[in-house]
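Enquirer: Input: one structure, supplied below.
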Amino acid sequence: MKSVARRALVTGGSGQIGAAICRRLALAGHFVYVQAHRGTAAAHSLVAEIIAAGGHAQALAFDITDGAATRAGLETVLADGAIQILVNNAGIHDDAAFPGMSEQQWHRVIDVSVDGFFNVTQPLMLPMIRTRWGRIVTTSSVAALMGNRGQVNYAAAKGALNSATRALALEVATRGITVNAVAPGIIATGMTDTMFDEETIARLVPMKRVGQPEEVANLVAFLVSEEAAYLTAQVISINGGMT
């Protein structure tokens, strides 16, 4: 893929999918800001890995649910120029059957995904618009499209992101900015290793295997590339054929 070096920000960059996205964007030549909150040590380690491989990266530490802290962190970055690639990847699970779900569980998941989307994306928009070029990709989930027992909060949060993606894409479509979401299915992470056994995966996934974080990262890399300039307002599933 043809690539022009841009400044990219990946939220939740210390997790397995986020780290794979950061590595892939750095490989494409972009300067990658690796945002983390609790995973700051992992973010710094990833930055060191990217730099050792010849890439360019910097760790950012702030809580995306805190609007003031997020804005302060982003102001430092924006002082050096616009962020033209944004990957809203941060998200959390806090699963429970809905009748037993606490108010805290509901709000924790919504706050990270939905409030975090606003807190990070909104301050970056005008600088991005002024450059007349931008790519915004948000990590959604198969749970938002199909539902999942015990994840009403998570499905609601990711469903809201799908709708926000489509609406924002329409607002900036004439400004050289595309806005899309990717909806992973069962991806190989530490969490899914304990949630899904081989029999369950074979039953749920037509390809009969889990996806790899690098496969999600490759899709994101395409969506932020020059080649994806006419692709916007889409929620793209990457799930091995789950329907």
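Enquirer: Please give the helices (runs of 4 or more DSSP H) falling wholly within the stretch 180-233 in which 1 or more residues are at pLDDT 95 or above and hydrophobic (A, V, I, L, M, F, W, C).
Expert: It comes to 213-223.
Enquirer: For the stretch 96-143, which positions are closer than 15 Å to V10 by Cα and over 20 Å from the mean Cα position of the chain (by Cα)?
Expert: Once the filter is applied, which keeps residues that are closer than 15 Å to V10 by Cα and over 20 Å from the mean Cα position of the chain (by Cα), the stretch 96-143 yields nothing.
Enquirer: Please find, among S14, S45, the residue that is at negative phi, of a type in the set (S, T, N, Q) and without any contact (Cβ under 8 Å) to a residue 12 or more places away in the chain.
Expert: S45
Enquirer: Of all residues in the stretch 190-243, count the ones that are touching a residue at least 60 places away in the same chain (Cβ under 8 Å) and not polar (S, T, N, Q).
Expert: Residues flagged as touching a residue at least 60 places away in the same chain (Cβ under 8 Å) and not polar (S, T, N, Q) within the stretch 190-243 amount to 17.
Enquirer: Something else about it: Scan the stretch 153-170 and tell me whether some residue there is closer than 17 Å to A233 by Cα and outside any helix (DSSP H, G or I).
Expert: Checking the stretch 153-170: not a single residue is closer than 17 Å to A233 by Cα and outside any helix (DSSP H, G or I).
Enquirer: Please find, among T200, T138, the residue that is crowded, with 23+ Cβ neighbours inside 10 Å and among the polar types (S, T, N, Q).
Expert: The conditions single out T138.
Enquirer: Also, quick follow-up: Assess whether T121 counts as being among the polar types (S, T, N, Q) and at pLDDT below 95.
Expert: Spelling it out, it is not the case that T121 is among the polar types (S, T, N, Q) and at pLDDT below 95.
The values are calculated or read from the model by the stated rules, or taken from the named source; none is laboratory data. These numbers come from a predicted model, not from an experiment. A quick note on method: Cβ atoms are made from the backbone with ideal geometry, for glycine too, and the neighbour counts reach across all protein chains shown.
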